[in-house]
Amino acid sequence: MRFLVAFLLLWPLAVPAQSDGPIDLKLAARYFQEAKWASDDDGGKLWGKPLYGPMIFADPQTREIVANQADPEGKLAEKDGVWVGKLSPEVGIANTATQWAGLRWTMVMWPLPDAPAIRTMLMMHECWHRIQDEIGLPAARQDNNHLDTKEGRIWLRLEWRALSAALISWGPERKQAISDALLFRAYRRSLFPLAATQEDRMELHEGMAEYTGVRFMGLGDWGRRSYLSGRIKINALKPSYPLSFAYETGPAYGLLLDVDSKPWRETLKPGGSLSGLLQQFEGISLPGNLAALARVRADAYDGKQVFAEEEKRDKDRKAEIAKYRKLLVDGPVLELPMIHNNYGYDPNQVFPLGDLGLLLPESYISDDWGVIEVKKGVLISSKGGKAFVSAPTSADGLQGDGWKLTLKPGWKVLPGARKGDFKIAKE
C-alpha cells in the first residue's frame with residue numbers, strides 16, 4: 001500500500017474522531033493485548049500468516065500516538081509497558097496501514113469503539129491491511145462511481161437485500177437468495193461496462209479486510225452471519241456507496257463461501273471475483289434475459305420501495321451536486337497542489353462529480369506545502385495533481401468558509417489563473 005495515506009483506504013472513518021484527553025496507556029495496553037489474543041487464537045490459519053504485528057493508536061486531535069513496540073529509528077519512548085510519541089503534521093492519521101519510523105504499522109485512530117466485538121473487528125481489519133501485500137492481495141482502490149447513480153444504487157440495494165436473506169437461510173431458500181443476489185449484480189454490471197472489474201478489485205481489498213474483521217469478532221459461524229445480515233440492512237441507509245459498498249459485499253460473499261467449506265481463500269489473486277467463486281461453488285447459471293428476470297425478482301425484496309426512494313434521492317442529489325459545483329468549480333477557489341495525494345475522508349460521504357473528480361464534504365490534507373483541515377467541501381481533481389476549496393476569506397489567505405490552512409516556510413498563497421482565484425505556490 002505505497003499510497004496507503006494517499007488514498008486512505010479506511011473504515012469506518014478517516015476524519016478526526018473526538019477524544020476526551022490524553023490516550024489512556026493502560027487502556028491502550030489492554031487493546032493491544034486483545035488484538036494479540038485474537039490473532040493468537042487464529043494461529044495464522046485464516047490467511048496463512050498471523051495478523052498481529054506492529055500497531056499504533058493515534059489521536060487525530062493531538063497527534064499523540066501509543067505503540068505496542070519500539071521503532072528502529074528511536075522516535076518512540078517506553079512508558080508503562082507501551083511506547084509513546086507524537087506524529088508530525090505531514091503524517092496522515094487514519095484507520096489504515098502505514099510505513100513510519102522504519103516499520104510497517106497497523107494504525108487505528110483513538111478512541112477505539114467501546115464494544116469489544118466491534119473493537120476487535122476494527123483492529124483485525126486494519127491488521128489485514130498491514131499484511132495484504134505479503135499474502136498477494138495488494139491494495140487496489142477503485143472509485144466505483146457508477147454506484148452513485150440511480151440504477152447503480154437500485155440494483156446494489158436489491159443485491160444487498162438478497163445477500164441479507166441468504167446469510168440467515170438454508171437449503172432451497174438460501175440457494176434462491178444467492179441466485180437473486182447474483183442476478184441483481186449481473187444486471188447492474190451489464191449496465192456499466194467497467195463495473196465488474198472495479199467492484200471485484202475493491203472487494204478483494206476492503207472487502208477482504210472487513211471479512212477478516214468479522215471473522216475475528218468472536219461470534220461463531222451463525223453469529224457472524226446473523227450480525228452481517230442485520231448490518232447490511234442498516235448500512236444500506238448510508239448516503240454514499242462507491243467507496244463503502246465492499247465493506248458489506250466483501251464479508252457477505254466471504255461468509256457465504258465459508259458455508260460451502262471449500263478452500264476459496266487460497267485461490268484468491270488480484271483480478272479474482274468473490275461472487276464468481278460463489279456462483280461456481282453453488283452451480284448457479286444466470287439467464288440470458290437479465291433485465292426481465294431482475295425486475296420480476298425485485299418484487300420479492302420490496303423493489304417498488306427501492307425504486308421510489310432512489311428516484312427521490314436522484315433529484316435531491318442533483319441539487320446538492322449543483323450547489324458544490326457552484327462553490328468549487330464555477331466560483332472563486334483556492335487551488336491546492338496534490339504532490340503526494342495525502343488526504344483522509346469518510347468513505348460514506350463521497351460525491352462523485354464525473355470528469356471533475358471526487359467531492360469530499362470533510363477532509364484533512366497534508367503535503368509538502370503544509371496541512372489544511374476542510375469542513376465544508378474539497379474537490380479532488382480527477383486529472384490528478386490538484387484539489388480545490390472555496391476562496392480564502394482572510395487577508396492572509398489562510399482561512400476560508402469551513403477550512404483552515406497551515407503553510408510551511410517557503411510556501412505562500414498567491415493569485416490564481418482566474419479573477420478571484422488563489423493558489424498555493426513556493427515563494
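The values are calculated or read from the model by the stated rules, or taken from the named source; none is laboratory data. Everything numeric in this text was worked out from a predicted model, so none of it was measured. Virtual Cβ from ideal backbone geometry, glycine too; neighbours counted across all protein chains shown. Note: accessible area is taken over every heavy atom of the protein model, side chains too, but ligands, DNA and RNA are not part of it. Shrake-Rupley method; radii C 1.70, N 1.55, O 1.52, S 1.80 Å.
Per this entry, Arg104 is counted among residues that are over 30 Å from Ala298 (Cβ atoms) and open to solvent by 40 Å² or more (accessible area, probe 1.4 Å). In segment 371-414, the qualifying residues are those that are part of a strand (DSSP E or B) and hydroxyl-bearing (Ser, Thr, Tyr), and the one that is nearest to Leu328 (Cα to Cα) is Ser390. Taking the conditions (1) in contact (Cβ under 8 Å) with a residue 40 or more places away in the chain; (2) more than 16 Å from Asn144 (Cα to Cα) in turn, Ala246 satisfies each one other than (2). Could you tell me whether segment 404-417 includes any residue that is open to solvent by less than 20 Å² (accessible area, probe 1.4 Å) and of a type in the set (Phe, Trp, Tyr)? Scanning segment 404-417, I find no residue that is open to solvent by less than 20 Å² (accessible area, probe 1.4 Å) and of a type in the set (Phe, Trp, Tyr), so the answer is no. None of Ile131, Ile118, Ile93 is among the β-branched types (Val, Ile, Thr) and either out of contact with any strand residue (DSSP E or B) (no Cβ under 9 Å at 6 or more places or on another chain) or surrounded by fewer than 18 Cβ atoms within 10 Å (Cβ to Cβ) (or both) except Ile118. Among the conditions (1) hydroxyl-bearing (Ser, Thr, Tyr); (2) within 18 Å of the chain's Cα centre (by Cα); (3) within 18 Å of Pro242 (Cα to Cα), the only one that Thr212 does not satisfy is (3). Is it fair to say Gly370 is under 19 Å from the mean Cα position of the chain (by Cα), at positive phi, among the small types (Gly, Ala, Ser) and open to solvent by less than 10 Å² (accessible area, probe 1.4 Å)? Against the criterion (under 19 Å from the mean Cα position of the chain (by Cα), at positive phi, among the small types (Gly, Ala, Ser) and open to solvent by less than 10 Å² (accessible area, probe 1.4 Å)), Gly370 does not qualify. When we screen Lys323, Lys269, Lys315 for residues that are open to solvent by 40 Å² or more (accessible area, probe 1.4 Å), under 30 Å from Gly92 (Cα atoms) and modelled with pLDDT under 95, the only hit is Lys323. Against the condition buried (at least 20 other Cβ atoms within 10 Å of the Cβ) and within 30 Å of Phe422 (Cβ to Cβ), how does Leu336 come out, does it pass? When the stated conditions are applied, Leu336 passes them. You will find that of Gly402, Gly357, Gly370, Gly377, the residue that is small (Gly, Ala, Ser) and more than 30 Å from Asp314 (Cα to Cα) is Gly370 and no other. Residues of segment 278-302 that are surrounded by 12 or more Cβ atoms within 10 Å (Cβ to Cβ), part of a helix (DSSP H, G or I) and in contact (Cβ under 8 Å) with a residue 24 or more places away in the chain: Leu278, Gln279, Phe281, Glu282, Leu290, Leu293, Ala294, Arg297, Ala298, Ala300, Tyr301. Going through segment 41-81 one residue at a time, which ones are over 15 Å from Met107 (Cα atoms) and in a strand (DSSP E or B)? Scanning segment 41-81 gives Ala77, Glu78, Lys79. When the residues of segment 202-248 are filtered to those that are of a type in the set (Val, Ile, Thr) and crowded, with 17+ Cβ neighbours inside 10 Å, the one that is farthest from Arg157 (Cα to Cα) is Thr212. Screening segment 55-86 for residues that are among the basic types (Lys, Arg), modelled with pLDDT of 95 or more and more than 17 Å from Arg30 (Cα to Cα) and picking the one that is surrounded by the fewest Cβ atoms within 10 Å (Cβ to Cβ) gives Lys86. Within segment 314-347, track down each residue that is aliphatic (A, V, I, L, M), more than 19 Å from Gln399 (Cα to Cα) and part of a loop (DSSP other than H, G, I, E, B). Residue satisfying the conditions is Ile339 alone.
Name every residue in segment 348-370 that is out of contact with any helix residue (DSSP H, G or I) (no Cβ under 8 Å at 6 or more places or on another chain) and assigned to a loop (DSSP other than H, G, I, E, B), in order of residue number. Listed by number, the residues that qualify are Asn348, Gln349, Pro361, Glu362, Asp368, Trp369.
Within the option set Leu360, Leu356, being modelled with pLDDT under 95, open to solvent by 20 Å² or more (accessible area, probe 1.4 Å), of a type in the set (A, V, I, L, M) and closer than 25 Å to Pro239 by Cβ holds for one residue only, Leu356. Scanning segment 373-396 for residues that are closer than 18 Å to Leu414 by Cβ and not aliphatic (A, V, I, L, M), we see that the one that is surrounded by the most Cβ atoms within 10 Å (Cβ to Cβ) is Phe388. Within segment 242-263, being modelled with pLDDT under 95 and under 17 Å from the mean Cα position of the chain (by Cα) holds for Pro242, Leu243, Ser244.
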